[in-house]
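Here's the structure we're looking at; comments come further down.
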Amino acid sequence: MGGWVYIISNKAMPGILKIGYTERTPYIRAYELYNTGCPYPYKVDYSIYVNKPYEVEQKTHELQRSTNVGKEWFSCSQEQAIEAISNAIEICEAVVKKIDPPKPTPSELNDVIKVNPDVSYVINRDSINKPKTRYNSYLSIKQGKVILQFYRVSDKKIYEDGLGEIYSEYLSKVNEYRDEYTDVINGNKKTDIVEILGNSLFLLVVPYMFFLMLILAMLDLSRRTLQSHWVCVLLGYFILAIILSLYFRHKENEKQKRFKSSRFEDVYSQEIEDLNKKKEKKVSIMMQNLSNDFKIIKLD
């Protein structure tokens, strides 16, 4: 049966290494060695999978006998220990399988903690037991429930710049609505006199002039009659301007009352919803245009 020949060290014992073997993952052996008498956890520095782990371990111990300080502990450098293991593999004619040691299973970890509850502190903080990241965070952007994994930094930069423009435009429009909301509540939103006069001109003078031209084309009116028509137009224009001014003022008062009794989100809910749809559509189009620059990783 195959197994791992490993090298384990501890920062509290510089220059001292443990050379051993296990048919389980060597990480478990490192956890099993931990106790409260040692201020630092044990670390797996090297491991190799062979078909004759016990024979290789024993031959390594024999080759390193001069550096042995007790049981499986040796006073030597990591390079010396690895060289001894390599020589032992060659002498034992062991077959090497190039695989990485597996992560400890939950049941293996539970068994270790049952024997030594103190080791749970080390296990919970060991990066070995953390799930591996499936993406490079430096080249990734979270987009909703997926991760966009870009192939190059420049691709990510182009996408981020595009997102920045889209969100900047979105926030700018939302802020316009907020300013309008605030102005109405504070009574700062007044109908411009130019708007009133312009509406009056459009509603009265333009239609009147159009029909007047038709009448002039059909009838031969005297100059005096024509002048009286213009007097009526001007008089009607000013009367309409006054009416429109009162109407707009009434509408503004009603709008102010409605705004004061409602939240911004309620008043502009439809406008914000439309902005969100436009924003999502632009983002979707940009993702389609740059689809060859990234791959999508779904989040669990």
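The values are calculated or read from the model by the stated rules, or taken from the named source; none is laboratory data. Predicted, not measured: the structure shown is a model, and the values here were computed from it. Because the Cβ atoms are built from the backbone with ideal geometry, glycine has one as well, and the counts that use them run over all protein chains shown. Keep in mind that these areas ignore ligands, DNA and RNA; they rest on the heavy atoms of the full protein, side chains included. Shrake-Rupley method; radii C 1.70, N 1.55, O 1.52, S 1.80 Å.
How large, in percent, is the carbon and sulfur part of the accessible surface of the range 9-89 at a probe radius of 1.4 Å?
47 percent
Test of understanding: what is the full-extension gain from residue 180 to residue 272, defined as 0.36 nm times their sequence separation minus their Cα-Cα distance?
Roughly 31.7 nm would be gained on extension.
How far apart, in nm, are two points set 7 Å out from the Cα along the Cα-to-Cβ line at residue 80 and at residue 258?
In this crude spin-label approximation the distance works out to 8.8 nm.
Points 7 angstrom from Cα along the Cβ direction at residue 11 and residue 99: gap in nanometres?
Using points 7 Å along Cα→Cβ, the separation is 3.2 nm.
Among 120-130, 81-91, what's the highest-first ranking by average C-beta atoms within 10 angstrom per residue?
Taking the mean over residues of other Cβ atoms within 10 Å, the ranking is 81-91, 120-130.
Taking a point 7 angstrom from the Cα of residue 130 along the C-beta vector, which residues in the range 38-59 have backbone N less than 18 Å away?
Answer for this model: 41-44.
Which pairs, out of 173/257; 142/281; 157/298; 43/114; 145/279, put more than 19 Å between their alpha-carbon atoms?
The pairs that break the limit, which is 19 Å between Cα atoms, are 173/257; 157/298; 43/114.
Suppose R0 equals 45 Å. What FRET efficiency, 1/(1 + (r/R0)^6) with r the Cβ-Cβ distance, do residue 38 and residue 284 give to the nearest 0.05? Numbers along the way, then the final one.
On the way: r = 56 Å, r/R0 = 1.24.
Result of the calculation: an efficiency of 0.20.
Would any residue of the range 32-63 have its amide N under 12 Å from a label point 7 Å out along Cα→Cβ of residue 71? List them or say none.
Backbone N within reach: 32-35.
State in Å² the accessible area per residue of the range 33-167; use a 1.4 Å probe, count heavy atoms of protein chains only, and round to the nearest integer. All intermediate terms of the calculation are to be shown ahead of the outcome.
Numbers: 8760 Å² over 135 residues.
The answer is 65 Å² per residue.
Report the full-extension gain for the segment residue 161 to residue 107: residue separation times 0.36 nm, less the Cα-Cα distance, to one decimal in nm.
This chain segment gains 14.7 nm when fully extended.
To make sure I understand the rule: partners must be lysines, Cα under 19 Å from the Cα of residue 52, and not fewer than 8 residues away in the same chain. Which ones qualify?
Reachable lysines: 18, 97, 98.
So what's the gap between the Cα centers of the range 1-63 and the range 105-180, to the nearest angstrom?
What the calculation gives is 34 Å, centre to centre.
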